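Each remark here refers to the structure printed beneath this line.
What follows is calculated from the coordinates using simple rules that are stated; it is not laboratory data. It should be emphasised that the depicted structure is a prediction, and the values quoted were computed from it without experimental measurement. Positions of Cβ are backbone-derived with ideal geometry, glycine not excepted, and every protein chain shown enters the neighbour counts.
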Amino acid sequence: MTKPRHIRSSAIGTPIRRASFLLISGSVFAVLLIVWWAVTASGLVPSIFLPNPVSVVTQLYGLAVRGTLWVDLGVSIYRILVGFLIATVLALPIGVMIGSFATWEAAIEPLVDFVRYMPVVAFVPLSILWSGTGDGQKFLIIFIGTFFQQVLMIMDNVKRVPRDFVGLGRTLGLSDRRILTRIVVPSAMPGIWDTLRISLGWAWTWLVLAELVAATSGLGYRITVSQRYFQTNTIIGYILLLGVLGLITDQAMKAASKALFRRGDAA
Amino acid sequence: MTPKLHIGGLGKSFGTGEKRNEVLRGITLDLADNEFVSLVGTSGCGKSTLLSIVAGLQDYDDGELAIDAAPIVAPGLDRGVVFQSYTLLPWLTAQQNIEFALKAAGHGRTESRDIARTHLELVQLSHAAERYPSELSGGMKQRVAIARALSYRPKMLLMDEPFGALDALTRHQMQELLTRIWEEHRLTVLFVTHDVEEAVYLSDRIAVMGIGPGRITQVFDVPLARPRREAVMETTPFIELQRDVHRAIREASRPLEQ
């Protein structure tokens with residue numbers, strides 16, 4: 001009797017069970033945590049460079065109880081929301097127009113493409129000159145960092161709408177305006193949503209950058225202040241917190257996409 | 001009698017100067033009312049371009065183009081178009097896709113719903129009315145597309161290799177369905193295909209196109225009785241005609257001496 005042939009689970013492209021996947025990925029986190037704990041508890045790395053996990057958690061807990069954490073968080077979320085919304089509200093119509101009309105593309109695309117390659121970091125001193133160190137400067141940095149990328153990505157989303165969809169609209173006698181609102185935009189929407197999800201992830205980086213350089217409140221500000229007082233546990237705690245926040249917004253955007261466009265994409 | 005569709009000496013080139021590429025030259029073809037005419041030819045003969053011009057989606061350089069003696073200047077609801085690619089809007093159900101076209105044609109809400117339902121029934125898809133395109137097979141999608149193009153009562157139907165992306169079995173089913181609908185409801189149809197068997201089975205006349213530049217080299221009458229059923233494909237007249245058309249396509253595939 002011949003045994004059924006089994007393909008090695010380590011072969012290229014072979015899927016593994018979900019349980020195995022979770023076990024492996026969970027183990028990596030656990031091992032890293034143990035290593036972290038071991039090198040700090042043994043005194044191998046001084047706590048001024050790397051505090052132990054317990055100290056980080058206790059410090060975060062203390063900041064949360066005293067309310068500092070929530071104030072920092074509130075200020076930062078407010079800034080990212082406003083900055084991101086301003087960028088998105090402007091990028092949407094412009095991206096749709098340059099994705100649809102060659103004249104618009106000629107006028108705007110090369111310019112945006114050029115600005116896109118100017119490093120956002122280099123705009124920070126200028127942004128302080130222009131708008132001080134208040135919220136306006138944070139909005140400006142988030143805007144510069146996301147708007148130009150969004151415009152180009154939304155243009156791409158729009159260009160990917162099948163040509164025949166537009167042809168269909170024209171054979172139905174629809175005006176250009178109606179073809180845009182009834183066919184092109186709804187058709188590009190799942191892709192545009194993805195663009196927003198990705199650019200929101202970047203926005204967190206720009207926010208913290210702006211807060212690190214010049215601010216009197218926010219998550220980034222707290223990190224700078226903590227450096228001054230050698231509170232390494234606060235710094236690490238906030239960096240981990242920022243990672244978690246990014247992950248949460250990303251997952252929330254993905255879940256929203258599933259709810260909004262659950263019928264569309266596969267067609 | 002004025003023809004339903006008049007194409008007279010139509011020419012079309014892409015590009016200018018050195019790069020100018022003449023894709024259609026002196027195309028003359030008249031379609032009578034309720035006539036089913038196929039355009040066949042090797043790829044690159046410009047048959048899809050010609051259909052697209054008749055649809056009003058592309059312009060042309062010279063010649064005449066008229067539907068019911070009125071010149072064609074833009075796309076419009078008087079010509080229903082079925083594309084080769086699936087053009088069902090993915091965020092609408094089968095029913096809503098048809099209603100979308102009916103609303104564009106100026107029908108009211110309840111009226112659109114009723115007409116859409118009737119046309120889904122016509123293509124035997126009443127059971128799939130609430131399904132989204134991602135839940136439909138390729139053949140079902142094209143049936144909805146045909147129902148949509150018929151729903152707003154265009155003067156004629158333009159079909160650009162509508163079954164080209166389907167598997168052989170589904171293609172046969174679709175051909176039978178289209179023949180049945182056409183024989184019952186009668187409509188002027190301009191049908192582009194590279195499948196000669198399909199052209200002979202469906203058409204009243206077949207125009208063979210050649211390349212370099214794209215032109216009509218020969219027009220065949222299809223003298224097969226209607227209603228046609230699949231069995232007709234095994235009869236001698238069918239097979240002979242199919243062979244003649246094949247030969248005509250082969251001869252037309254040699255570019256003209258410049």
Angle in degrees between helix A:53-66 and the longest Cα principal axis of chain A, rounded to the nearest 10: 70
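Roughly how crowded by other chains is peptide B:62-75, in terms of the mean Cβ count from those chains within 10 Å of each of its Cβ atoms? Don't skip to the end; give the middle numbers.
Working: counts 0, 0, 0, 0, 0, 0, 0, 0, 0, 0, 0, 0, 3, 8.
Mean shielding count: 1.
Given the peptides B:18-24, B:245-251, A:154-160, A:8-14, arrange them by the average over their residues of other C-beta atoms within 10 Å, most packed first. Write down the numbers at each step before the final one.
Numbers: B:18-24: 13.9, B:245-251: 16.3, A:154-160: 19.6, A:8-14: 7.1.
The peptides rank, most packed first, as A:154-160, B:245-251, B:18-24, A:8-14.
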Degrees between helix A:135-159 axis and first principal axis of chain A (Cα, 0 to 90, nearest 10): 40
Cross-link reach list, aspartates and glutamates versus B:Lys12, counting only Cα pairs under 20 Å and skipping chain neighbours closer than eight places: B:Glu22, B:Asp30, B:Asp59, B:Asp61, B:Asp62, B:Glu64, B:Asp160, B:Glu257
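Taking the number of other C-beta atoms within 10 Å as the exposure measure, put B:Leu31, B:Leu50 in order starting with the fewest. Mind showing how you got there, number by number?
Numbers: B:Leu31 22, B:Leu50 30.
Fewest to most other Cβ atoms nearby, the residues stand as B:Leu31, B:Leu50.
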Listed peptides A:213-221, A:171-179 by packing density, highest first (mean Cβ within 10 Å): A:213-221, A:171-179
Inter-centroid distance (Cα atoms) of segment B:4-81 relative to segment B:138-169, Å: 20
Anisotropy class of chain A from Cα gyration tensor, a/c 1.5 cut: oblate
Gyration tensor verdict on segment B:43-178 (Cα atoms; rounded if a/c is under 1.5, prolate if a/b is larger than b/c, oblate otherwise): oblate
Binned Cα-Cα distance frequencies in chain B - 5 Å width, integer %: 1, 6, 13, 17, 18, 16, 13, 9, 5, 2, 0, 0
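Shielding of B:78-87 by partners, i.e. mean partner chain Cβ atoms within 10 Å per residue?
Numbers: counts 2, 1, 2, 6, 2, 7, 1, 6, 3, 10.
Other-chain Cβ atoms within 10 Å of each residue's Cβ, averaged: 4.
Calculate for chain A the 222 nm mean residue ellipticity that helices alone would give, adding -39,500 (n - 2.57) per DSSP H run of length 4 or more and normalising by residue count, nearest 500 deg cm²/dmol. Write down the numbers at each step before the final one.
Details: 10 runs with 200 residues, N = 267.
Taken over chain A, the calculation gives -26000 deg cm²/dmol.
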Helix axis angle, A:232-260 relative to chain A longest principal axis, alpha carbon, degrees: 30
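Could you tell me whether the protein assembly as shown comes out rounded, prolate or oblate from its Cα gyration tensor? Rule is a ≥ b ≥ c as square roots of the eigenvalues, rounded for a/c under 1.5, then prolate if a/b exceeds b/c, otherwise oblate. Provide the component values of the computation, followed by the final result.
On the way: a/c = 2.79, a/b = 2.17, b/c = 1.29.
Prolate.
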Chain B: DSSP helices with Cα axial extent of at least 15 Å and average Kyte-Doolittle hydropathy no lower than -1.0: B:94-104, B:138-151, B:168-185, B:236-252
Segment A:80-154 and segment B:223-258: distance between their alpha carbon centers, rounded to Å: 60
Per-residue mean of C-beta atoms belonging to partner chains within 10 Å, peptide B:90-103: 3
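Over chain B, what is the percentage of antiparallel beta bridges among all DSSP beta bridges, to the nearest 5?
Details: 20 of 38 bridges.
Around 55 percent of the beta bridges assigned by DSSP in chain B are antiparallel ones.
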